[in-house]
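See below for the structure under consideration.
The values are calculated or read from the model by the stated rules, or taken from the named source; none is laboratory data. Since we're looking at a predicted model, the values are computed, not measured. Neighbour counts are summed over all protein chains in view; Cβ atoms, including those assigned to glycine, are modelled from backbone coordinates with ideal geometry. What goes into the accessible areas is simple: the full protein's heavy atoms, side chains included, and nothing from ligands, DNA or RNA. Shrake-Rupley method; radii C 1.70, N 1.55, O 1.52, S 1.80 Å.
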Amino acid sequence: SILGIQIIAKANQMGFQLTPKQLFQNQTVAELVSVSGSAPGMEDQQGPVTGEVPLTPMQQRFFEQELSDPHLFTQAAVYEVGPSLDPALMKTAIRELLIYHDALRLRFVHEETGWKQFHVDEEEDPVFYYHDLSQLTSAEQQSVFETTANELQSSIDLSNGPLLRIALFHFGAAQP
């Protein structure tokens, strides 16, 4: 049955190797665990993507609008995190994210034939910024936070990158 195939596929994704026969002969989870083998580990077969790639239909539609400042159509989000978040660890995680998610290393250029996109080998510009505002008053913190966040968002450059900016603001040991 289709449901059985889905169960087997999900089990394989989680590292358990099952056959349809085992699934139907062993009706409980405990029985299935006792007969399942270990599935070979899944590895990422693809290295980083580089070079030109075609625009998606949504990207084509966006660029067909011929906006005067397409770089202004960015999305910003603010999240509260605990004050003990390690900036060095966050910087490392973001670097790995850029390596793993090729779309974050895209650039868009407008040529005579239209817009094109391509992946850069590695992100050269800084993406992560840490701001220790713990010595400032609450009003000063808010002002610096707003100014810096606006500057980071407006610095997104579709042609030169990076397409992502992340800032960690430290307001003090007792504040998120």
Item to complete: Under a 10 Å cutoff between Cα atoms, tell me which one of 17, 153, 135 has the largest fluctuation in the Gaussian network model of the chain.
Response: 17
Worksheet, complete the sentence: Rounded to one decimal in nm, the spacing of the 7 Å Cα→Cβ label points at residue 132 and residue 75 is 3.4 nm
Item to complete: Would you mind putting 163-175, 4-16 in packing order, based on average other-beta-carbon counts within 10 Å, highest first?
Response: 163-175, 4-16
Worksheet item: By how many nm would the segment from residue 2 to residue 86 lengthen if fully extended, with 0.36 nm per residue of separation less the alpha-carbon distance?
Response: 25.7 nm
Response to the item:
Here the gain from full extension of residue 56 to residue 10, 0.36 nm per residue of separation minus their alpha-carbon distance, amounts to 13.6 nm
Practice prompt. Summarise the accessible area of the chain (1.4 Å probe, protein heavy atoms) by the percent that is carbon and sulfur.
Written response: 56 percent
Response to the item:
Residues meeting the amide H criterion for residue 129 (H placed from the backbone, H to H distance under 5 Å, 5 or more places apart or on another chain) are 166, 167, 168
Worksheet item: What percent do you get for the relative contact order of the chain when only Cα pairs under 8 Å and 6+ apart count?
Response: 23 percent
Practice prompt. Give me D for the range 109-176 in µm² s⁻¹, whole number, from Stokes-Einstein with Rh from the Kirkwood sum over alpha-carbon pairs, 37 °C and 0.692 mPa s.
Written response: 230 µm²/s
Worksheet item: How much FRET efficiency would the formula 1/(1 + (r/R0)^6) give for residue 155 and residue 25, where r is the Cβ-Cβ distance and R0 is 45 Å, rounded to 0.05?
Response: 0.15
Item to complete: Which order do the peptides 115-121, 25-31, 78-84 take when ranked by the mean count of other beta-carbon atoms within 10 Å per residue, highest first?
Response: 115-121, 25-31, 78-84
Discussion item. Show me, bin by bin at 5 Å from 0, the whole-percent P(r) of the range 1-134 based on Cα pairs.
Written reply: 2, 7, 12, 11, 10, 10, 10, 12, 11, 9, 5, 2, 1
